[in-house]
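Here's the structure we're looking at; comments come further down.
Each value in this text was obtained by applying a stated rule to the coordinates, not by laboratory testing. On a predicted model such as this, the values are computed, not experimentally measured, just so you know. In this analysis, Cβ positions are derived from the backbone assuming ideal geometry, glycine residues included, and neighbour counts consider all displayed protein chains.
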Amino acid sequence: MKVITSIQEMQQYMKSLKLEGKTIGFVPTMGYLHEGHLTLINKARSENDVLAVSIFVNPLQFGPNEDFDSYPRDFESDRKLAENNGVDVLFHPSTEEMYPTKMSLTAVVHSRINVLCGRQRNGHFDGVATVLVKLFNIVQPDRAYFGLKDAQQVAVVDGLITDFNFPITLVPVAIVREEDGLAKSSRNVNLTPQERLESTKLYESLQMAKREIEKGQRNPKVIEELIKKHITGHTSGVIDYVEMYRYPELDELSELKGRIIIALAVKFTKARLIDNITFDV
């Protein structure tokens with residue numbers, strides 16, 4: 001596995017691979033790799049000649065109340081995991097390498113952001129879009145892999161690739177779940193034993209909602225109330241939101257038709273859990 005920290009070296013190396021006719025799969029990360037990342041890595045590994053992974057904690061996507069400095073980092077562990085999972089190129093630039101001077105131009109995301117978690121994270125997706133423009137130009141991938149655990153981010157990346165005409169195929173990867181259905185997350189360790197038992201009701205409520213739609217229910221408000229009732233009746237968690245939108249546009253639903261997302265966020269004592277399902281009606 002090749003580890004590269006220089007933008008210029010990375011661009012030159014990736015260009016040489018492209019000239020050889022190699023297909024490049026890319027998984028951008030902020031490091032501290034876990035099973036969700038490895039699922040993306042393994043899928044990308046199976047579909048491309050070359051697998052590139054970036055590890056860069058991007059300061060532009062941290063809000064004023066989010067501590068960039070305390071974000072978990074463990075490069076040595078990440079390096080070993082990447083190598084053991086077939087990564088060919090690990091791009092690990094410093095903040096100074098990515099942002100040597102104050103940016104004179106950044107990306108601003110206008111849609112798909114004022115719903116779900118994005119409603120509470122002003123400027124977050126601008127930072128995500130800006131760093132991805134840089135990374136896509138540096139890595140020059142054929143395919144880019146993102147997890148549907150953060151379905152809103154996938155929607156924003158879809159818009160970015162389309163609007164800026166990047167010659168990249170976006171590959172959304174399904175949520176990795178525990179055997180009982182709970183979406184895997186580093187936050188799950190913060191649940192109490194009782195909360196861990198209750199947490200399965202989140203995915204259960206989404207499945208119930210999907211079944212009701214399949215039976216013919218077409219009123220989004222009825223579906224949302226069904227989910228809320230199931231969660232409040234079976235857990236001690238506090239619902240942050242339960243919302244349904246057209247996907248990936250994240251537009252309001254006038255009717256249940258086409259591809260939709262049902263997403264939720266629930267706060268437990270020391271963990272805020274998110275989950276979602278997307279499907280065609």
- Query: In whole percent, what relative contact order does the chain give with Cα contacts below 8 Å and a gap of six or more residues?
  - Reply: 16
- Convert each backbone phi in region 47-54 into a coupling constant with the Karplus relation 6.51 cos²θ - 1.76 cosθ + 1.60 (shift: θ = phi - 60°), then list the ³J(HN,Hα) values in order as whole Hz, x for Gly and Pro. 10, 9, 6, 10, 10, 10, 10, 10
- Taking the Cα centre of region 66-166 as the origin and placing charges on Cβ (Lys, Arg +1; Asp, Glu -1), which of SER94, VAL128, VAL109 is farthest toward the positive end of the dipole? VAL109
- Query: Mind ordering 178-188, 54-64 by average Cβ neighbours within 10 Å, highest first?
  - Reply: 54-64, 178-188
- For region 127-140, Karplus couplings with θ = phi - 60° (6.51, -1.76, 1.60), whole Hz, Gly/Pro x: x, 4, 5, 5, 5, 5, 4, 5, 5, 4, 6, 6, 7, 6
- In whole angstrom, the spacing between the Cα centers of region 112-138 and region 147-165 equals 9
- ILE7 neighbourhood, Cβ < 13 Å, K/R = +1, D/E = -1, net charge -1
- Set the Förster distance to 25 Å, then compute FRET efficiency between VAL133 and VAL222 from the Cβ-Cβ distance, nearest 0.05. 0.05
- Message: If each residue of separation counts as 0.36 nm, what is the full-extension length gain between GLN11 and GLU249 once their alpha-carbon separation is subtracted?
- Response: 82.5 nm
- Item | Spatially proximal lysines relative to LYS43 (Cα-Cα < 24 Å; intrachain offsets below 8 disregarded) | LYS2, LYS15, LYS18, LYS22, LYS80, LYS134, LYS149, LYS184
- Put +1 on the Cβ of every Lys and Arg and -1 on every Asp and Glu Cβ in the chain; which of ILE138, TYR32, PRO172 then has its Cα farthest towards the positive end of the dipole? PRO172
- Query: Given H placed 1.01 Å from N in the peptide plane, which residues other than close sequence neighbours of GLY31 have an amide H under 5 Å from its amide H?
  - Reply: PHE56
- Query: Distance from the Cα centre of region 215-250 to that of region 1-25, in angstrom?
  - Reply: 44
- Item | Net charge dipole size for the chain [Lys, Arg +1 and Asp, Glu -1 on Cβ; Debye, nearest 20] | 340
- Run the quick spin-label model on LEU105 and ASN122: label points 7 Å from Cα toward the beta carbon, then report their separation in nm to one decimal. 2.7
- Note on the structure: Residue by residue through region 209-223, the couplings from Karplus 6.51 cos²θ - 1.76 cosθ + 1.60 with θ = phi - 60°, in Hz, x for Gly and Pro, are 4, 4, 4, 5, 5, 5, 7, x, 5, 10, 9, x, 5, 5, 5
- ASP49 versus LYS18, label points 7 Å from Cα toward the beta carbon: distance in nm? 1.3
- By its C-alpha gyration tensor, with a ≥ b ≥ c as the square roots of the eigenvalues, how is region 2-173 shaped: rounded for a/c under 1.5, else prolate for a/b larger than b/c, else oblate? rounded
- Between ASP240 and residues 5 or more places away or on another chain, the pairs with built amide H atoms under 5 Å apart involve ALA265, VAL266, LYS267
- Peptides ranked, highest mean first, by Cβ atoms within 10 Å: ranges 162-170, 86-94: 86-94, 162-170
- Item | Cα-based reach from LYS229 at 16 Å (exclusive), listing aspartates and glutamates while leaving out same-chain residues under 8 positions away | GLU198, GLU204, GLU212, ASP240, GLU243
- Label points 7 Å out from Cα along the Cβ direction at GLU83 and ASP67: separation in nm? 3.2
- Using only helices, what value at 222 nm comes out for the chain when you add -39,500 (n - 2.57) per DSSP H run of length 4 or more and divide by the total residues, to the nearest 500 deg cm²/dmol? -11500 deg cm²/dmol
